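Encoded as structure tokens, the structure appears first; notes follow it.
Every number in this text was worked out from the coordinates using simple rules, so none of it is lab data. Since we're looking at a predicted model, the values are computed, not measured. Counting neighbours? That spans all protein chains shown, and the Cβs are built from the backbone with ideal geometry, glycine included.
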């Protein structure tokens, strides 16, 4: 089996050596030994690093990500946790779409003052409601008057 030197692993994964050492320290990855002073990793570590990156992008903490790997380093992803995160991302996407539409409207609104524009005032109310964790905005506001895509 061909092992990857920490420098090679860093180059192939795009993860700095300092981060690789940290991930090892917190138990996310494991070296298989050393060659001189340089840590060596199995080729499966590249997959683990890709999954760690994906988990971080999805908003999982390193502790949560560590829990998604079995003792042998093989991914063991809890499906209920994935559904919950996907639901949270869906809500975040809705809020961001509303915000994007509000910004576009502000940029393009022909009203002399935005405070005189009824649509702008509705968008501000919806954004304020969403900030407080309210329900999703009406579809016509969230999509800028367009029908949502399915």
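Listed by first and then second residue, the pairs linking a residue in the range 61-75 that is without any contact (Cβ under 8 Å) to a residue 12 or more places away in the chain to a residue that is crowded, with 16+ Cβ neighbours inside 10 Å and in a loop (DSSP other than H, G, I, E, B), with Cβ atoms under 8 Å apart and 6 or more places separating them unless they lie on different chains, form an empty list. Candidates are the residues of the range 103-132 that are touching a helix residue (DSSP H, G or I) at 6+ places or on another chain (Cβ under 9 Å) and touching a residue at least 24 places away in the same chain (Cβ under 8 Å); the one that is surrounded by the fewest Cβ atoms within 10 Å (Cβ to Cβ) is 127.
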